[in-house]
Each structure stands twice: as structure tokens, then as C-alpha cells.
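Visitor: What follows is a single structure, and I will ask about it in a moment.
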Amino acid sequence: MEGPQCGPEELVERLRRSLPSPSPERFVALYAARQRRSLFSILVGVVLSQNTNDKNAIEAYRRLVEAVGGELTPEAVLRLGRERLEEAVKPAGMYRRRVDAILAIARWILEHTEVEREICRLRPEEARKLLMKLPGVGPKTADVTLMNYCGFPLFPVDTHISRILERWGVSGGYEEKRRWGESFFPPQLRREAHMLLIELGRRYCRPGRPRCDECPLRDCCPAARAVEARGAGARPDSDGGEGRGREA
Ligand code: SF4
């Protein structure tokens with residue numbers, strides 16, 4: 001497996017200097033945690049972000065909070081009913097499937113009242129296995145939720161990160177890429193690296209035509225060096241693994 005040709009500290013420092021600091025306006029999990037810091041609210045926020053962008057997910061989350069009268073709790077969601085839930089989360093798309101997942105999570109949390117309190121005491125691997133038993137919760141949703149709710153030093157891999165890693169020569173599925181990130185970045189850098197790499201993917205390492213010429217990682221990126229070696233006008237592979245790292 002390859003990787004960038006600069007160390008994790010330098011890489012994160014370059015990204016910090018060139019990209020906006022991660023904020024609740026750009027990451028739905030931060031938005032949800034700011035509104036109401038509960039396992040349920042963060043899980044719902046992350047479910048709303050599956051296979052769509054954070055802008056749509058934040059809009060759906062905002063409408064959902066408004067529809068339940070300001071407090072996003074499992075009880076409030078169950079009281080609201082399917083029709084109004086679907087109407088609220090429409091901006092995120094695939095609203096029927098999302099509402100199925102949100103209702104199942106709400107029932108599960110009410111049936112396991114200790115889970116919000118106890119889950120962060122589990123080992124991260126046990127906690128993610130527990131969440132992944134829920135319908136609509138795959139490894140990325142579990143990892144993003146646990147990273148933000150419990151502060152576990154995980155490295156969730158979304159579609160942007162998956163594409164960047166492919167371009168760096170780090171191949172494989174979700175688990176291989178997550179493990180690569182957890183071995184490359186020390187625990188205290190993982191959460192910030194996760195969000196900064198997503199911003200890198202949004203602004204520079206985009207699907208289609210990456211902006212290597214302006215990218216802050218250009219001189220430590222194996223893909224950019226390959227482009228230089230091939231000559232002007234060449235580009236890294238345009239797909240770069242887009243679509244991988246997504247989950248149902
Ligand atoms: S130099 Fe190009 S391929 Fe490498 S990370 Fe930056 S945008 Fe992506």
C-alpha cells in the first residue's frame with residue numbers, strides 16, 4: 001500500500017493552513033451535536049447524510065427539528081408519524097428509506113434506555129458492532145456517530161476520502177481504508193484529518209478533474225508526481241474510487 005509522501009502531522013498542518021476549519025455549517029454530525037448532543041440526534045444526522053451531501057443533510061435535519069418542535073428525541077419522532085417525517089427529510093432524498101431507519105433507531109433507543117449512557121464505555125469495535133445491527137446503519141454511519149458522540153479515535157471513510165486514498169494508491173474496501181487511516185494518523189489527529197480530507201475532496205481532489213496545480217498536498221501526493229512524470233495535461237485517474245465508501 002502506498003500513501004502520501006509526507007507524514008501525518010505535516011499533512012494535517014498543510015490542510016489546516018489551506019482549508020476552512022470544520023464547522024457545523026459544513027458537517028451534519030457537528031450540526032446535530034450542536035443542536036442536541038445525544039446518540040439519537042447524531043445518528044439521525046449521519047443517516048440523513050448517507051449518499052447525499054452535507055448541505056442537503058443539514059437542511060433535512062433542520063426541517064426535522066422544526067417539525068418536532070425543537071427537540072429531536074426518539075419520542076418526538078415517533079409521535080410525529082411517518083408522513084410528516086417523510087415530508088421533513090425530503091431534501092436529503094431517498095426519504096422513505098431514511099424514515100424507515102430513523103423510526104427503527106428511535107424504537108431501539110427507547111427499548112434500550114441504557115444505551116446512550118453505556119455505549120461510550122464499550123470498546124470501539126464492540127460499540128460499532130452494536131450500532132451496525134440497526135437497519136440503515138453501516139460501518140461509516142457507525143464510525144462517524146461514535147467519533148462524534150463518544151470521541152473514539154476512528155477514521156471513517158466517506159466517498160471523498162475513499163477517492164483520495166485510491167489516488168494515493170491505497171486500495172481496498174471500507175475496512176482496508178479505515179485501517180490504513182488508523183495506522184497512518186495518530187489517534188489525536190484522526191477526527192480532524194477525517195474532516196479536512198473531506199474538505200480537500202470537495203475543493204481540490206474532486207471527482208473528474210482534480211485541481212492538482214493548486215492542491216496543498218501537491219508535492220507530497222504520489223498521484224500528482226505521476227502526473228508530472230507523464231507530462232503537462234495529464235491527470236490522475238478521474239474516477240478515483242468514487243462511489244466506494246458509500247453505504248445503504
Ligand atoms: S495533488 Fe491532485 S490527486 Fe493529489 S491529493 Fe491533491 S488534488 Fe488529489
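Visitor: Note the full-extension length gain between Lys133 and Ala104 as 0.36 nm times their separation in residues minus their Cα-Cα distance, in nm to one decimal.
Guide: Values: separation 29, 0.36 × 29 = 10.44 nm, distance 1.09 nm.
Contour length minus the Cα-Cα distance gives 9.4 nm.
Visitor: Can I ask one more? Report Rg/Rh for the chain, rounded to two decimals, where Rg is the Cα radius of gyration and Rh the Kirkwood radius.
Guide: Details: Rg = 18.6 Å, Rh = 18.7 Å.
Rounded to two decimals, Rg/Rh equals 1.00.
Visitor: Output the relative contact order of the range 36-149, whole-number percent, from Cα pairs under 8 angstrom with separation of 6+ residues.
Guide: Relative CO of the range 36-149 lands at 32 percent.
Visitor: In what sequence, highest mean first, do 87-93, 202-208 appear when ranked by Cβ atoms within 10 angstrom?
Guide: Result, highest mean first: 87-93, 202-208.
Visitor: In whole Hz, with x marking every Gly and Pro, tabulate ³J(HN,Hα) for the range 52-58 from phi via Karplus 6.51 cos²θ - 1.76 cosθ + 1.60, θ = phi - 60°.
Guide: Each residue's phi maps through the Karplus curve to give 8, 8, 5, 4, 5, 5, 5 Hz.
Visitor: Hey, with R₀ at 25 Å, roughly what FRET efficiency would Glu83 and Lys55 work out to, going by the Cβ-Cβ distance, to 0.05?
Guide: Efficiency, rounded to the nearest 0.05: 0.50.
Visitor: Relative contact order for the chain: what percent, with Cα pairs under 8 Å and sequence separation of 6 or more?
Guide: The value is 24 percent.
Visitor: Add -39500 (n - 2.57) for each DSSP H run of 4 or more in the chain, then divide by its residues: what number comes out at 222 nm, to the nearest 500 deg cm²/dmol?
Guide: Calculated mean residue ellipticity at 222 nm is -17500 deg cm²/dmol.
Visitor: Take peptides 159-171, 60-72 and line them up by average Cβ neighbours within 10 Å, highest first, as a rough protection proxy.
Guide: Per-residue Cβ counts within 10 Å, averaged per peptide and sorted highest first, yield 159-171, 60-72.
Visitor: Over the chain, with a Gaussian network built from C-alpha contacts below 10 Å, which listed residue (Arg191, Arg179, Arg123) shows the highest mean-square fluctuation?
Guide: Sorting by GNM fluctuation, first place goes to Arg123.
Visitor: Could you give me the ³J(HN,Hα) list for the range 44-51, computed from phi with Karplus coefficients 6.51, -1.76, 1.60 and θ = phi - 60°, whole Hz, x at Gly and Pro?
Guide: 4, x, 6, 4, 5, 8, 5, 6
Visitor: Would you kindly derive the ³J(HN,Hα) couplings of the range 61-68 from the backbone phi angles with the Karplus curve 6.51 cos²θ - 1.76 cosθ + 1.60 (θ = phi - 60°), listing them in order in whole Hz, with x for Gly and Pro?
Guide: 5, 4, 5, 5, 4, 5, 4, 8
Visitor: What FRET efficiency, computed as 1/(1 + (r/R0)^6) with R0 = 51 Å and r the Cβ-Cβ distance, is obtained for Glu9 and Arg209, rounded to the nearest 0.05?
Guide: 0.95
Visitor: Further question: What is the gain in length, in nm to one decimal, between Glu175 and Glu125 on full extension, counting 0.36 nm per residue of separation less the C-alpha to C-alpha distance?
Guide: 16.8 nm
Visitor: Give the dimensionless ratio obtained when the Cα radius of gyration of the range 36-149 is divided by 2.2 N^0.38 Å.
Guide: 0.98
Visitor: Could you size up the charge dipole of the chain around its Cα centre, putting +1 on the beta carbon of Lys and Arg and -1 on that of Asp and Glu, and report it in debye to the nearest 20? List each step's numbers first, then the result.
Guide: On the way: 43 positive and 36 negative charges, 72 e Å.
Charge dipole, the chain, about its Cα centre: 340 debye, nearest 20.
Visitor: I would also like to ask the following. Just to be sure I understand the model, the point goes 7 Å from the Cα along the line to the Cβ. What's the resulting Thr73 to Arg117 distance in nm?
Guide: 1.6 nm
Visitor: Counting C-alpha atoms alone, how compact is the range 8-91: give Rg to one decimal and Dmax as a whole number, in angstrom.
Guide: In Å, with Rg to one decimal and Dmax whole: 14.9, 49.
No lab work stands behind these numbers, since they all come straight from the coordinates. Since the model is a prediction, treat every value here as computed from it, not as a measurement. Note that each Cβ is placed from the backbone with ideal geometry, even for glycine, and that neighbours are counted across all protein chains shown.
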